[in-house]
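The values are calculated or read from the model by the stated rules, or taken from the named source; none is laboratory data. All figures in this text were calculated on a predicted structure; none of them were measured in a lab. Methodologically, a virtual Cβ is constructed for each residue, glycine included, from the backbone with ideal geometry; neighbour enumeration extends over all protein chains shown.
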Amino acid sequence: MDDKKTETAIFAGGCFWCTEAFFTELKGVEKVVSGYIGGTVPNPTYREVCNGTTGHAEAIQITYDPNLIAYEDLLEVFFATHDPTTLNRQGNDVGTQYRSEIFYTTDAQKASAENFIKLLTDQDIFGKKVVTKISKASTFYPAEDYHQDYYAQNPNQPYCMMVIAPKMDKLKKNYASKLKKKS
């Protein structure tokens, strides 16, 4: 019997192609699924979510080993890899589906997220108000198959080259000690 304990974190920080790529690289992260959360329509499609008619955010569901990476480390990477000061927008992606939101799965995650945002605010890290919402996780709907592992499967796609690749380089430089070793 496997006694390995995993936990789940759910973050919305703009386009899930970007956020999935970042968290996949972290030590202790076992799985990252792109999907939708926080809306009112069951089983939404990408087209419906992009139209902004369902209330869902593009998000990622992270399965991680808390013995290898702490939830606070995930929060640190989350806040370092998107702009938590823009309401319903990340770069050229505009709409409620691109909002910054943390969907907690435990009371401890909620407290950690609140404390982390308070720390960022008290230290004025961004020079602007952090607008990231903290909400209890609702049903997470995995996105269509072609969205899963998007960056790894499409590194030469223009969006990946122009938007994701430079952010990945920054992640690798600033968080090298938290990354999986490549064999």
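Scan segment 116-138 residue by residue and report those that are small (Gly, Ala, Ser) and surrounded by fewer than 17 Cβ atoms within 10 Å (Cβ to Cβ). Gly127, Ser135, Ser138, listed by residue number. Here Tyr141 fulfils each of the conditions (1) surrounded by 13 or more Cβ atoms within 10 Å (Cβ to Cβ); (2) closer than 19 Å to Phe22 by Cα apart from (2). Taking (1) surrounded by 16 or more Cβ atoms within 10 Å (Cβ to Cβ); (2) in a strand (DSSP E or B); (3) in contact with an Asp or Glu (Cβ under 8 Å, 6 or more places away or on another chain) in turn, Glu30 satisfies each apart from (1). Go through segment 33-60 and report how many residues are surrounded by fewer than 23 Cβ atoms within 10 Å (Cβ to Cβ) and either of a type in the set (A, V, I, L, M, F, W, C) or more than 18 Å from Gln90 (Cα to Cα) (or both). Summing the residues that are surrounded by fewer than 23 Cβ atoms within 10 Å (Cβ to Cβ) and either of a type in the set (A, V, I, L, M, F, W, C) or more than 18 Å from Gln90 (Cα to Cα) (or both) in segment 33-60 gives 13. Inclusion of Ala113 among residues that are of a type in the set (A, V, I, L, M, F, W, C) and surrounded by fewer than 22 Cβ atoms within 10 Å (Cβ to Cβ) is not warranted.
Among the residues of segment 55-70, those identified as assigned to a loop (DSSP other than H, G, I, E, B), more than 10 Å from Tyr141 (Cα to Cα) and within 19 Å of the chain's Cα centre (by Cα) are Gly55, Asp65, Pro66, Leu68, Ile69, Ala70. Elements of the type helices (runs of 4 or more DSSP H) sitting completely within segment 83-183 and holding at least 3 residues that are at pLDDT 95 or above and among the polar types (S, T, N, Q): these cover 107-122.
No other residue among Asn51, Asn92, Asn88, Asn115 is free of Cβ contacts under 8 Å to residues at least 60 places away in the same chain and in contact with a Lys or Arg (Cβ under 6 Å, 6 or more places away or on another chain) apart from Asn88.
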